[in-house]
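Down below is the structure, laid out as structure tokens.
The values are calculated or read from the model by the stated rules, or taken from the named source; none is laboratory data. Worth saying up front: this structure is predicted, and the values here are computed from it rather than measured. Every residue, glycine as well, gets a Cβ built from its backbone with ideal geometry; the counts of neighbours run over all protein chains shown. The protein model used for the area step is the full one, side chains on, heavy atoms only, and it has no ligands, DNA or RNA in it. Shrake-Rupley method; radii C 1.70, N 1.55, O 1.52, S 1.80 Å.
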Amino acid sequence: MRIVVSAVGRLKAGAERDLCDRYRDRADKAGRALGFTAVDTRETAESRASRTEQRGSEEATALLSNLPEGTFVVALDETGKTMTSRAFADRLSGLRDRSIPEVRFLIGGADGHGDAARQRADLMLSLGPMTYPHQIARALILEQVYRAITILAGHPYHRD
């Protein structure tokens, strides 16, 4: 199963990109032995539309483009469901065991997700009740993907 973090906005070179690259690379390498074929990121430009609704619509279209059939879509949203790291690992494991070809995590722009992204989401997931900039949300979800993989592998990275 492939895991893709698809975000509105581009990371500039620097600490945030380095952190995201580090967790993506770790998850990608560690996940292969567990049936996670790849961990990738995808960036899309922020919409320049003047109206909030139009920005959300354009960004949702970009985030949802090129979804393989059968993709499980997770929209990161402050109003979504919260999970423990173990529950998150179990969810990823269950999706993999159901032969879901891809899990795509969507990180919206400054105005959140457009209606199309919310409607398409199979799961709305919250990283907590606070709102985070896309750079931090991207690092957090990539770290949690890596943590989930280490939990499933029995690696001591995650301590209860």
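Of all residue pairs spaced 6 or more apart or on separate chains, those with beta-carbon atoms under 7 Å, a first member in the stretch 132-160 that is more than 23 Å from ARG42 (Cβ to Cβ) and a second member that is among the aliphatic types (A, V, I, L, M) and at pLDDT 95 or above are THR150/ALA30; ILE151/ALA89; LEU152/LEU34; LEU152/ALA89; ALA153/ALA30; ALA153/LEU34; HIS158/ILE151.
Being more than 16 Å from the chain's Cα centre (by Cα) and either surrounded by 19 or more Cβ atoms within 10 Å (Cβ to Cβ) or within 27 Å of ILE100 (Cβ to Cβ) (or both) is the filter here; which residues of the stretch 34-60 pass it? Residues satisfying the conditions are LEU34, GLY35, SER47, ARG55, GLY56, SER57, GLU58. Among the residues of the stretch 66-103, those identified as in a loop (DSSP other than H, G, I, E, B), within 16 Å of the chain's Cα centre (by Cα) and free of Cβ contacts under 8 Å to residues at least 12 places away in the same chain are ASN66, THR84. The listed residues are ASP97, ASP90, ASP111, ASP77, and the only one of them that is farther than 21 Å from THR44 by Cβ and surrounded by 14 or more Cβ atoms within 10 Å (Cβ to Cβ) turns out to be ASP90.
When the residues of the stretch 1-33 are filtered to those that are touching a His at 6+ places or on another chain (Cβ under 8 Å) and aliphatic (A, V, I, L, M), which remaining residue is most open to solvent (accessible area, probe 1.4 Å)? Can you show your working first?
Going residue by residue through the stretch 1-33, those that are touching a His at 6+ places or on another chain (Cβ under 8 Å) are 7-9, 30.
This time we only want the ones that are aliphatic (A, V, I, L, M), so: 7-8, 30.
Values: ALA7: 0, VAL8: 1, ALA30: 39 Å².
If we take residues in the stretch 1-33 being touching a His at 6+ places or on another chain (Cβ under 8 Å) and aliphatic (A, V, I, L, M), then ALA30 is most open to solvent (accessible area, probe 1.4 Å).
In the list THR71, THR79, THR61, which residue meets the criterion of being among the polar types (S, T, N, Q) and touching an Asp or Glu at 6+ places or on another chain (Cβ under 7 Å)?
On the way: THR79 fails: touching an Asp or Glu at 6+ places or on another chain (Cβ under 7 Å); THR61 fails: touching an Asp or Glu at 6+ places or on another chain (Cβ under 7 Å).
Just one listed residue meets the conditions, THR71.
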